Amino acid sequence: TNAGRTSLQEREALTTSPLNHKIISFMKKKSSNLCLAIDYTTTEQILQMVEKAGPFVVAIKVHSDIITDFSESFTQQLVQLANNLEFIIFDDRKFADTGNTTKLQLTGPFKIAEWADVVTTHAVQGVDSIVPVFREFINNPAYRLSGVLLIAQLSTKGSLTNIHEYTKKAVQIADENRDIVSGFITQTRISEFSDILNWTPGVNLDAKNDSTGQQWRGVEQAIEIQQNDIVIVGRGVTSSKEPIQQLKRYRQTAWESLTKEENE
Ligand code: 6AU
């Protein structure tokens with residue numbers, strides 16, 4: 001059930017993050033709480049999928065470091081599509097190093113801070129190596145980067161984020177820095193602050209796991225029971241023979257789950 005869930009309207013009123021305002025406006029406009037993870041390795045494959053999928057999602061997630069022909073022309077086209085089709089660009093870089101190294105990675109050959117709206121960071125390196133670095137980029141209008149998603153829980157089997165107080169400590173970093181941490185990567189809702197959005201990977205309607213540690217569950221579990229906001233779907237769509245048909249199926253199921261209580 002969705003009992004206790006803060007409605008999208010309430011969240012919109014609570015959040016001060018311009019990024020979350022943008023995301024929530026896309027959610028309402030598109031009736032979608034879906035982020036598509038496109039883990040293809042060529043720019044042509046990715047851009048073709050983005051053109052078709054863009055209208056149905058609020059975010060497109062890529063891994064810039066798996067793209068074999070990554071180029072500035074690719075990110076220019078991606079930005080243009082994001083502006084036209086109204087989705088946010090998410091580079092799932094998972095930073096986890098000293099603040100200085102993170103800074104160099106954000107501006108390095110991929111120039112991530114210039115084209116990504118949001119990136120992921122681990123919490124393992126500690127608050128002082130995360131917050132000041134991202135704040136510098138996010139507050140600088142020369143960069144597109146406008147928020148960070150903190151990894152509080154991983155979807156993988158045996159993940160060490162389950163150990164002791166790891167998640168609790170990660171949540172504390174986010175709660176105290178909500179001007180830059182706009183969301184979590186998590187399996188279940190973990191913060192009392194309703195302005196932080198909960199993005200959840202590990203969703204597949206037809207399979208339970210892959211051969212390398214990924215664990216999937218359905219949309220009802222992820223949204224209604226575990227109280228997440230945004231579903232991140234990858235291979236459930238991208239490995240399918242009819243990806244856009246599947247995308248529409250995930251979008252409808254996820255949106256119905258999110259808005260169930262409001263519609264009852
Ligand atoms: O549905 P899949 O397994 O094909 O794709 C899931 C996507 C992949 C992962 O790199 C990513 O989500 N992911 C993350 C993220 C988003 O940070 C964290 C996690 O715990 N599990 C996970 O699968 O692109």
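The values are calculated or read from the model by the stated rules, or taken from the named source; none is laboratory data. Note that the structure is a prediction, hence the values are computed from the model and not measured. All Cβ positions, even for glycine, are placed from backbone atoms using ideal geometry, and neighbour counts span all protein chains on display. Surface accessibility is based on the protein's heavy atoms, side chains included, excluding ligands, DNA and RNA. Shrake-Rupley method; radii C 1.70, N 1.55, O 1.52, S 1.80 Å.
For the reader, a short list of remarks on this structure follows.
- Region 236-248, residues that are closer than 18 Å to Ser32 by Cα and open to solvent by 90 Å² or more (accessible area, probe 1.4 Å): Gln245, Lys248
- Enumeration of residues in region 50-64 that are part of a strand (DSSP E or B) and farther than 21 Å from Val119 by Cα: none
- Any hit, region 229-252, residues being without any contact (Cβ under 8 Å) to a residue 24 or more places away in the chain and β-branched (Val, Ile, Thr): no
- Inside region 226-248, residues that are more than 12 Å from the ligand (Cβ to nearest atom), over 15 Å from Leu8 (Cα atoms) and within 19 Å of the chain's Cα centre (by Cα) make up a count of 3.
- Filtered residues of region 147-164 (kept if at pLDDT 95 or above, more than 10 Å from the ligand (Cβ to nearest atom) and open to solvent by 40 Å² or more (accessible area, probe 1.4 Å)): Lys157, Gly158, Leu160
- Of all residues in region 31-48, those satisfying the criterion of being more than 26 Å from Glu220 (Cα to Cα), within 15 Å of the ligand (Cβ to nearest atom) and surrounded by 15 or more Cβ atoms within 10 Å (Cβ to Cβ) are Tyr40, Ile46.
- Hits in region 90-115 (condition: surrounded by 19 or more Cβ atoms within 10 Å (Cβ to Cβ) and touching a residue at least 40 places away in the same chain (Cβ under 8 Å)): Phe90, Asp92, Phe110, Ile112, Trp115
- Complete set of residues in region 57-71 that are more than 14 Å from Asn84 (Cβ to Cβ) and either in contact (Cβ under 8 Å) with a residue 60 or more places away in the chain or surrounded by 14 or more Cβ atoms within 10 Å (Cβ to Cβ) (or both): Val58, Ala59, Lys61, Val62, His63, Ser64, Asp65, Ile67, Phe70
- Selection from region 1-49 of residues that are touching a helix residue (DSSP H, G or I) at 6+ places or on another chain (Cβ under 8 Å), closer than 18 Å to Ser240 by Cβ and assigned to a helix (DSSP H, G or I): Ile46, Met49
- Of all the residues in region 192-225, those that are more than 8 Å from the ligand (Cβ to nearest atom) and open to solvent by less than 10 Å² (accessible area, probe 1.4 Å) number 7.
- Residue check for Phe87: touching a helix residue (DSSP H, G or I) at 6+ places or on another chain (Cβ under 7 Å), closer than 20 Å to Glu44 by Cα and open to solvent by less than 20 Å² (accessible area, probe 1.4 Å): yes
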